[in-house]
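*Asks:* First the structure, then my questions, so here it is.
The values are calculated or read from the model by the stated rules, or taken from the named source; none is laboratory data. Owing to the predicted nature of the structure, the values given are computational and were not obtained by experimental measurement. Neighbour counts run over all protein chains shown; Cβ positions are idealised from the backbone, glycine included. Ligands, DNA and RNA are stripped out before the accessible areas are found, and what is left, the full protein with its side chains, is counted by its heavy atoms. Shrake-Rupley method; radii C 1.70, N 1.55, O 1.52, S 1.80 Å.
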Amino acid sequence: MSKIITLHEFIMDSQAEFPFASGELSRLLNDIVVASKVVSRDVRRAGLTEDILGAQGEINIQGEEQQKLDVVADKAFIKMFETGGEVCGIASEENDDFVAFESEISKFGKYVVLFDPLDGSSNIDVNVSIGTIFSIYRRVSEAGTLATMKDMLQPGNKQVAAGYILYGSSTMLVYTTGHGVNGFTLDPSIGEYCLSHPNMRMPEKSRLYGMNEGNIEICHPGIKDYVQYCQSFENDFETPYSGRYIGSLVADFHRNLIKGGIYIYPKTKTAPKGKLRLLYECNPLAFIAEQAGGLAVTEKERVLDIIPHTLHQRCGYITGSKNQVEKVQELIAKRDSEI
Ligand code: AHM
Ligand code: MG
């Protein structure tokens with residue numbers, strides 16, 4: 001029987017990959033692990049507990065109704081970051097503005113975390129998988145001062161770590177620090193994440209594609225061409241692909257990471273800037289996709305190279321298996337003059 005490697009052990013062992021590492025990033029990752037266990041427990045009880053399930057009755061910055069669990073998850077992670085001492089500030093999908101932590105120890109924290117505490121939360125009521133997505137940057141402001149907007153608005157190619165927690169049929173944590181991607185499954189009997197998916201690689205191509213096809217007539221015509229290509233016999237497999245779209249980004253991404261596939265959420269006439277948020281949805285998953293051999297682009301450019309201008313900036317998003325993303329890009333380029 002092979003030895004069980006817990007996430008805690010793995011993080012500590014990986015510290016050696018970073019010369020001069022002080023252990024702060026490891027401690028920060030461990031804080032995320034603890035907060036994720038709290039959220040996982042609450043997600044598991046959501047169907048049972050009336051005061052957790054259901055709408056909070058408030059509208060967040062995105063104009064969406066907040067679910068109670070959104071708020072529960074947001075608070076659990078913020079509390080962990082605020083008390084951990086490694087983080088000087090955070091930005092979250094659920095908060096209008098970023099938060100600069102004011103304690104002396106936090107002001108000396110090296111990192112900022114941008115996160116979506118509970119993505120796909122409109123799926124909670126129907127028991128569909130949801131997830132937390134996080135992105136970690138080294139601060140650019142001076143240590144000992146309050147975190148600034150500049151710390152938050154860094155391009156994705158500056159991420160030092162990123163990951164997600166999928167609250168699915170089991171809870172999984174997948175992350176990268178720029179040295180490949182590893183996945184851990186929470187064993188509820190011992191309360192530990194155990195290494196279950198070492199060195200994850202996204203297959204270069206597959207017969208799976210996914211988008212909200214209700215948007216097909218109101219997005220870039222090259223995307224419609226790609227979907228028609230997938231549905232035809234004139235594709236690389238000479239048989240129609242299978243459509244797979246859960247409508248819960250972490251779950252869709254995770255499937256594609258394991259089985260191969262493409263996830264498309266383009267700009268549309270009704271969402272001209274795109275729907276997904278660059279800083280805490282697109283960038284972290286783009287970092288993981290690339291580290292696993294996949295790609296992540298907008299209709300035109302590499303996601304990780306976008307210079308952000310606002311905290312809740314949105315973008316068109318296409319991510320998944322390398323060959324499939326390249327194909328959709330080729331078809332977009334062919335029709336681009338019509339836009
Ligand atoms: P959220 O951050 O408000 O949960 O929205 C993001 C979600 C993604 O999880 C999902 O892929 C997408 O929105 C689904 O959108 P649609 O319902 O338009 O298909
Ligand atoms: Mg979200």
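*Asks:* Can you report the number of residues in region 183-212 which are open to solvent by less than 60 Å² (accessible area, probe 1.4 Å) and of a type in the set (S, T, N, Q)?
*Replies:* So the count comes out to 4.
*Asks:* Kindly list the number of the only condition in (1) surrounded by fewer than 19 Cβ atoms within 10 Å (Cβ to Cβ); (2) within 16 Å of ligand 2 (Cβ to nearest atom); (3) closer than 24 Å to residue 245 by Cα; (4) of a type in the set (A, V, I, L, M) that fails for residue 126.
*Replies:* Failed condition: (2).
*Asks:* Does region 213-238 hold any residues that are in a loop (DSSP other than H, G, I, E, B) and surrounded by fewer than 19 Cβ atoms within 10 Å (Cβ to Cβ), and which are they?
*Replies:* Scanning region 213-238 gives 232, 233, 234, 235, 236, 237, 238.
*Asks:* Among (1) part of a loop (DSSP other than H, G, I, E, B); (2) within 16 Å of ligand 2 (Cβ to nearest atom); (3) among the aliphatic types (A, V, I, L, M), which single condition is residue 190 missing?
*Replies:* (2)
*Asks:* For region 239-255, does any single residue satisfy the condition of being closer than 27 Å to residue 290 by Cβ, in contact with a Phe, Trp or Tyr (Cβ under 7 Å, 6 or more places away or on another chain) and surrounded by fewer than 22 Cβ atoms within 10 Å (Cβ to Cβ)?
*Replies:* Among the residues of region 239-255, at least one is closer than 27 Å to residue 290 by Cβ, in contact with a Phe, Trp or Tyr (Cβ under 7 Å, 6 or more places away or on another chain) and surrounded by fewer than 22 Cβ atoms within 10 Å (Cβ to Cβ), which makes the answer yes.
*Asks:* Something else now. Quick one: is residue 264 away from ligand 2 (no atom under 16 Å from the Cβ) and crowded, with 24+ Cβ neighbours inside 10 Å?
*Replies:* yes
Table: residues versus (1) within 16 Å of ligand 1 (Cβ to nearest atom); (2) touching a residue at least 60 places away in the same chain (Cβ under 8 Å); (3) under 21 Å from residue 155 (Cβ atoms).
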| position | (1), (2), (3) |
| --- | --- |
| 255 | yes, no, no |
| 264 | yes, yes, no |
| 279 | yes, yes, yes |
| 301 | no, no, yes |
| 314 | yes, no, yes |
| 328 | no, yes, no |
| 337 | no, no, no |
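*Asks:* Residues in region 142-162: is at least one within 12 Å of ligand 2 (Cβ to nearest atom) and either outside the structural domain of residue 315 (by TED's automatic domain parsing) or acidic (Asp, Glu) (or both)?
*Replies:* no
*Asks:* Then there's this: I want to confirm something. Restricting to region 86-105 and keeping residues that are out of contact with any Gly (no Cβ under 6 Å at 6 or more places or on another chain), touching a residue at least 24 places away in the same chain (Cβ under 8 Å) and small (Gly, Ala, Ser), which single residue is farthest from ligand 2 (Cβ to nearest atom)?
*Replies:* Step by step, filter region 86-105, then rank; the result is 89.
*Asks:* Can you pull out every residue in region 276-297 that is farther than 16 Å from residue 92 by Cα and surrounded by 19 or more Cβ atoms within 10 Å (Cβ to Cβ)?
*Replies:* 286, 287, 288, 289, 290, 291, 292, 294, 295, 296, 297
*Asks:* Ok, one more. Suppose we filter 209, 175, 193 for residues that are within 16 Å of ligand 1 (Cβ to nearest atom) and in contact (Cβ under 8 Å) with a residue 40 or more places away in the chain; which single one remains?
*Replies:* Matching residue, one of 209, 175, 193: 209.
*Asks:* For region 106-123, which residues satisfy the criterion of being hydrophobic (A, V, I, L, M, F, W, C) and either within 15 Å of residue 73 (Cβ to Cβ) or within 16 Å of ligand 2 (Cβ to nearest atom) (or both)?
*Replies:* Scanning region 106-123 gives 113, 114, 115, 118.
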